[in-house]
Amino acid sequence: MLSIPGRSATFLFFLFFLPAVHVNPIPPLRSSSSIRYNVVMVMSDAFDGRLTTAPENHLVDLPNLNFLKQHGAVFLNAYTNSPICCPSRAAMWSGLFPHLTESWNNYKCLDPDYPTWMDLVKQKGYITQKLGKQDYKSGSHSLSNRVEAWTRDVPFLLRQEGRPVASLIANKTQTRIMLEDWKNADLATSWLKKQAANSSQPFFLYLGLNLPHPYPSVNMGENFGASTFRTSPYWLQRVSYKDVNIPRWLPIKAMHPVDYYSSYTKNCTGNFTKQEIRDIRAYYYAMCAETDGIMGEIISALADTGLLNTTYVLFTSDHGELAMEHRQFYKMSMYEGSSHVPLLIMGPNIQPGKRISNIVSLVDLYPTMLEIAGVPAPQHLSGFSLLPLSYARSSNDIISESELHPNWALSQFHGSDANASTYMLRVNDWKYIAYSDGDSVHPQLFDLLKDPEELNNVAARFPEIIHSMDKKLRSILDYKEVSAAVHQYNKKSFASWKESVESNYTNVISNLRWHLDWSLNPKAYELAIDRWLKNLSYGILESPGYTSYEIFHEKSIE
């Protein structure tokens, strides 16, 4: 094992010149009989990818996902391209990084007529069906959600989300908790049995799930998020409660300022008992077990219809769930719980039980789907097909970057609950996180091999790694320019909305999610907004004279 200095020197050498390994020839996608294969993709919402990477997961029983792992390939280092619903899904459907499609937040994503990979395979003659949660087009989500994103750097905080809680349904035998997901799963299985099985044409089926996303906090109203982790005893028995850990937290004053802002808006800076934290995490894992149950319905339908052997089955998620790690729940973070997603694929020519360590991301699914369908991929895509990695026969988990896939992943975030644009680059064991313009907010650097909990920011210890990672990041995108574009979009969008409500502005905004009751001091809040719109105020992280935990007090708008 190399020491940290030795590993950093090795990393610098291989950052742009990763070593090649010998791989056997990749088998052809189709045989001489020109078989056209089917695809079923299930995309969940907020599923922690780390639950699928351990060889043996004793924390929660996931028999159907384990079936995919045993009979197919699991990608051990798969990442979202943006840890929030719409921008992440937009990246998957477009094959482009969020800054290229300007998918900035849950309201601003793809145009309704944007050509997805499913549109292209349909033109190729495949039967296509999309069911369940899609959530990748512009115009979705509540008014409060979009205003939160637009005004994130006004120097005062939004009101907090509902406090995260665990809720257990009394019925011990109830299996269908997320009814909308089960309804769509029933539609999917029915479609497989009645349409797909009786057609001579190949098909692509997409099923989007809400699970295991936490439920809305009903008593708080639509503007205050979804912070209820709800399950039943049936699914909770799948969880090994004694193995549910209590994550370590940094002291509040030691938190990165963006993390503190996120923790505060998510209502997690208060006191939580160990019982509360363990219950939230256990109930979340039970919700993952329910997700697995739905996956079992899909696999069974394919087996019953004789379609399983000619179908690629994929399971992934738009992002993960922190479940009280780093004093947060939800996503909107580059920590592993939020950014690391599951990615499993089973199908023809894929070696059973294959574990792939290459670093990949959701933009890779677009060219993967096109290659399965025999559709040439556009040259401008951000992603690369995963089939070569899935087919490759090698004794080395990491396959050559130059031959098959670049061994890095990019993720970015521009939405609410974080008051700075955030950029993550994962290369080898290093995770680099930069903010906004790269100067106003200090970066973070984590060695995931030595520090899987991401509690030790080693940026100050390894300036040479920071320099190399930042150079690599800037070779992919000019993140200072992107942050400026987002900032201007936010101001323009908010100003346009403000003008549209005219004299009713104060009444409307006072009912949205703000730090203090708007009506208590509307003049001060209106002044802060006006100064922000006119570029007269500092951004929240640039407010002079305040530390990361002081700048959120009301005096910051005096």
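The values are calculated or read from the model by the stated rules, or taken from the named source; none is laboratory data. Being a predicted model, the structure only gives us computed values, none of them experimental. Using ideal geometry, Cβ is built from the backbone for each residue, glycine included, and neighbour counts are taken over all protein chains shown. With ligands, DNA and RNA removed, areas are computed over all heavy atoms of the protein, side chains included. Shrake-Rupley method; radii C 1.70, N 1.55, O 1.52, S 1.80 Å.
When Tyr261, Tyr284, Tyr234 are checked against the criterion of being part of a helix (DSSP H, G or I), in contact with a Lys or Arg (Cβ under 7 Å, 6 or more places away or on another chain), crowded, with 16+ Cβ neighbours inside 10 Å and of a type in the set (Phe, Trp, Tyr), a single residue qualifies: Tyr234. So for region 240-253 (the condition being closer than 29 Å to Asp153 by Cα, without any contact (Cβ under 8 Å) to a residue 24 or more places away in the chain and open to solvent by 30 Å² or more (accessible area, probe 1.4 Å)), does at least one residue qualify? Within region 240-253, one or more residues are closer than 29 Å to Asp153 by Cα, without any contact (Cβ under 8 Å) to a residue 24 or more places away in the chain and open to solvent by 30 Å² or more (accessible area, probe 1.4 Å).
All conditions in (1) modelled with pLDDT of 95 or more; (2) over 22 Å from Tyr423 (Cα atoms) hold for Gln134, with the sole exception of (1).
For region 179-195, state whether one or more residues are assigned to a loop (DSSP other than H, G, I, E, B), crowded, with 22+ Cβ neighbours inside 10 Å and modelled with pLDDT of 95 or more. Scanning region 179-195 turns up no residue that is assigned to a loop (DSSP other than H, G, I, E, B), crowded, with 22+ Cβ neighbours inside 10 Å and modelled with pLDDT of 95 or more.
Looking across Leu449, Leu425, Leu404, Leu455, one residue alone is at pLDDT 95 or above, surrounded by 16 or more Cβ atoms within 10 Å (Cβ to Cβ) and not acidic (Asp, Glu). It is Leu425. Return a yes/no flag: does region 387-409 have any residue that is under 21 Å from the mean Cα position of the chain (by Cα) and on the phi > 0 side of the Ramachandran plot. Looking for residues that are under 21 Å from the mean Cα position of the chain (by Cα) and on the phi > 0 side of the Ramachandran plot, one finds none in region 387-409, hence no. Is it the case that region 340-359 has a residue that's open to solvent by 10 Å² or more (accessible area, probe 1.4 Å), at pLDDT 95 or above and part of a helix (DSSP H, G or I)? Looking through region 340-359, none of the residues is open to solvent by 10 Å² or more (accessible area, probe 1.4 Å), at pLDDT 95 or above and part of a helix (DSSP H, G or I). Give the residue, chosen from Val23, Val74, that is modelled with pLDDT under 85 and either aliphatic (A, V, I, L, M) or closer than 30 Å to Gly139 by Cα (or both). Going through Val23, Val74 in turn, the sole match is Val23. Is it the case that some residue within region 152-167 is among the β-branched types (Val, Ile, Thr), in contact (Cβ under 8 Å) with a residue 60 or more places away in the chain, in a loop (DSSP other than H, G, I, E, B) and in contact with a strand residue (DSSP E or B) (Cβ under 9 Å, 6 or more places away or on another chain)? No - not one qualifying residue is present in region 152-167. Leu387 passes every criterion in (1) within 30 Å of Leu143 (Cβ to Cβ); (2) touching an Asp or Glu at 6+ places or on another chain (Cβ under 8 Å) apart from (1). Here region 287-331 is the region considered, the condition is being open to solvent by less than 20 Å² (accessible area, probe 1.4 Å) and charged (D, E, K, R), and the residue that is farthest from Gln275 (Cα to Cα) is Asp318. Taking residues in region 118-136 that are free of Cβ contacts under 8 Å to residues at least 60 places away in the same chain, and partners anywhere that are open to solvent by less than 30 Å² (accessible area, probe 1.4 Å), the pairs with Cβ atoms closer than 6 Å and at least 6 places apart or on different chains are Tyr136/Cys86; Tyr136/Arg89; Tyr136/Ala90; Tyr136/Trp93; Tyr136/Cys109; Tyr136/Leu110. Checked against (1) closer than 28 Å to Tyr330 by Cα; (2) open to solvent by less than 40 Å² (accessible area, probe 1.4 Å); (3) free of Cβ contacts under 8 Å to residues at least 24 places away in the same chain, Val501 passes all but condition (1).
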